[in-house]
């Protein structure tokens, strides 16, 4: 590798580590907030993300020592993060995010002279960061492998490599473009918006699959191929892209914006407005709904061209000039994170949050518009540019990332579950997994997986599995569990709908999967409904998770009752948020059997576990043509979540 490509690698590692610590910070804050953590934690997180304002203290010169200080802080904080609990991760990821948001502008300020457009090293580094993030998440089945305890060594290795590369910035001479033409404000804002779009979705394509119920393998492979391929082309023949006229870049950005919004809006739901309104049923996506998705994926590498143009305006600028744009960009990032979260939790922070109901598109529209505007101001087409002197090195690294991603995609989601021990029985399980954390807010996906294996259920209904969004680290828990169990899976209501994730995993193939939306006044109530055939018998499964007012809960339960009318072998299970004696429970208990009370009429099992009376809100109800052969609850904290796990053995 030449020095040019060492600069690219330094930017790539910096941006990858920055994406990782920002995602971990937001996830940690959200998880602790679920547990009622005090406002001081959130206030500290806000201060972490606003660190670029400290660039004002560095004045007109970017000291090399500052690069060492913030570089070492980012490396150490990121390396320590996987080894800590949630509170510890909150602190280290916050320090890492603050350091990374300071380090990035300082690297631009002290970037050594390069041939051709000075913005290409950062843009190519962004391509590597996104490609690397996709690889790590694919290998970890949507978890970033380097942020797990088993993959923590990867973070140390990346940190050591970045440490070896920092002297090229800290000790080198800066580019002759020490006073770049034009302002630095909009280029800096635009660059943070490019990073925001990568963080929100593109660096974790499992998120996009959950927007659309699209093909996970195709989406991941296409994003990786598009980004790494475009970046490799830029490293080999940058002039092919630099000759693009301003109107061409504007058109590309506009098409990407329309495709991105089209991808989200095509799956938007018009929710029932009143408790007695008819439910809205959403089936498999149509070809027309998938068209904007694949157009968006193919168009998304325009962000690399935007980043090149924007970074070129910032190389050699003083910290004083960079402070305003990066500080405002960081503030916008923070606001957009809250907008993203409020589109899901719109009923919890009135009077602010209700405005964001069903506006999942908004946190994507704003950064894309700002990025396109900043790139429009910065773009200056050139007839020719000197190509990097070692494009082969970049091409080889890109191929390695792409090959690893394709291998990881191939092995993800294969259905290899063993046949049931007794084909004349069906074990059904309901499990509110609280986004994969336990009652203390610690990650618990492996303990939850172990409990699923212990139950050996044929059908598993998950609630609160909607972690494939920024508030939960862009992790697809339904995909993770389905892969490790070797089960078929239906995610249920798409994340654009703002529900809490009613996924269904099954040893048997799932048929006629659909999502049913009922009236809601706090959280969107989306029921996952599937059919399956076991031992030649057809079953219909409803996974419910109603919330909000009593009227909203009753509307959800009544919908399942109405839709199951005339069907045989029906199972309605989930987190009902209703206890014995309350209207939703009474409504369904009058028609179906409560599996627990059928197995144990006193509500107490043979081991003395007392789940009688009002102790339960997680229930399994079955139609009269099914026999309840046994039932079990695993109470918390043994359940590794804030709910008990519950399963039942059914016969016919």
Looking at 273, 288, which is the one that is exposed (fewer than 13 other Cβ atoms within 10 Å of the Cβ) and either assigned to a helix (DSSP H, G or I) or on the phi > 0 side of the Ramachandran plot (or both)? 288
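For residue 338, indicate whether it is free of Cβ contacts under 8 Å to residues at least 40 places away in the same chain, over 20 Å from residue 271 (Cα atoms) and surrounded by fewer than 22 Cβ atoms within 10 Å (Cβ to Cβ).
yes
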Total residues in the range 622-640, condition farther than 24 Å from residue 438 by Cβ, in contact with a strand residue (DSSP E or B) (Cβ under 8 Å, 6 or more places away or on another chain) and in a loop (DSSP other than H, G, I, E, B): 3
Looking only at residues in the range 214-240 that are over 30 Å from residue 483 (Cβ atoms) and surrounded by 22 or more Cβ atoms within 10 Å (Cβ to Cβ), which one is farthest from the chain's Cα centre (by Cα)? 238
Sole exception among (1) farther than 26 Å from residue 649 by Cα; (2) assigned to a loop (DSSP other than H, G, I, E, B); (3) more than 15 Å from the chain's Cα centre (by Cα) for residue 466, by number: (3)
Residues in the range 122-137: is at least one in contact with a helix residue (DSSP H, G or I) (Cβ under 8 Å, 6 or more places away or on another chain), within 28 Å of residue 405 (Cβ to Cβ) and part of a loop (DSSP other than H, G, I, E, B)? no
Count, please, the residues in the range 505-543 that happen to be touching a strand residue (DSSP E or B) at 6+ places or on another chain (Cβ under 9 Å) and surrounded by fewer than 20 Cβ atoms within 10 Å (Cβ to Cβ). 10
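From the list 401, 396, which one is part of a helix (DSSP H, G or I) and either free of Cβ contacts under 8 Å to residues at least 60 places away in the same chain or not assigned by TED's automatic domain parsing to the domain that holds residue 239 (or both)?
Working: 401 fails: either free of Cβ contacts under 8 Å to residues at least 60 places away in the same chain or not assigned by TED's automatic domain parsing to the domain that holds residue 239 (or both).
The conditions single out 396.
Does residue 302 fit the bill of being over 30 Å from residue 562 (Cα atoms) and without any contact (Cβ under 8 Å) to a residue 40 or more places away in the chain? If you could, list the steps in order and put the result at the bottom.
On the way: over 30 Å from residue 562 (Cα atoms): yes; without any contact (Cβ under 8 Å) to a residue 40 or more places away in the chain: no.
No.
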Which is modelled with pLDDT of 95 or more and assigned to a strand (DSSP E or B), of 555, 560, 513? 513
Filter pass, residue 324 being surrounded by fewer than 20 Cβ atoms within 10 Å (Cβ to Cβ), without any contact (Cβ under 8 Å) to a residue 60 or more places away in the chain and in contact with a helix residue (DSSP H, G or I) (Cβ under 9 Å, 6 or more places away or on another chain): no
Within the bounds of the range 94-113, is there any residue that is surrounded by fewer than 24 Cβ atoms within 10 Å (Cβ to Cβ) and at pLDDT below 90? yes
Please tell me if residue 457 is closer than 19 Å to residue 508 by Cα, touching a helix residue (DSSP H, G or I) at 6+ places or on another chain (Cβ under 9 Å), at pLDDT 95 or above and not in a strand (DSSP E or B). no
Just checking, does the range 609-621 include any residue being free of Cβ contacts under 8 Å to residues at least 60 places away in the same chain, in a loop (DSSP other than H, G, I, E, B), at positive phi and surrounded by fewer than 19 Cβ atoms within 10 Å (Cβ to Cβ)? yes
What are the residues in the range 402-433 that are touching a helix residue (DSSP H, G or I) at 6+ places or on another chain (Cβ under 7 Å), farther than 13 Å from residue 460 by Cβ and surrounded by fewer than 18 Cβ atoms within 10 Å (Cβ to Cβ), if any? 406, 413
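Only one residue in 499, 495 is out of contact with any strand residue (DSSP E or B) (no Cβ under 9 Å at 6 or more places or on another chain), surrounded by 20 or more Cβ atoms within 10 Å (Cβ to Cβ) and either outside the structural domain of residue 347 (by TED's automatic domain parsing) or at pLDDT 95 or above (or both), so which one is that?
Numbers: 499 fails: out of contact with any strand residue (DSSP E or B) (no Cβ under 9 Å at 6 or more places or on another chain).
Among 499, 495, only 495 is out of contact with any strand residue (DSSP E or B) (no Cβ under 9 Å at 6 or more places or on another chain), surrounded by 20 or more Cβ atoms within 10 Å (Cβ to Cβ) and either outside the structural domain of residue 347 (by TED's automatic domain parsing) or at pLDDT 95 or above (or both).
The values are calculated or read from the model by the stated rules, or taken from the named source; none is laboratory data. It should be emphasised that the depicted structure is a prediction, and the values quoted were computed from it without experimental measurement. Quick reminder, even Gly has a Cβ in these numbers, built from the backbone with ideal geometry, and neighbours come from all protein chains shown.
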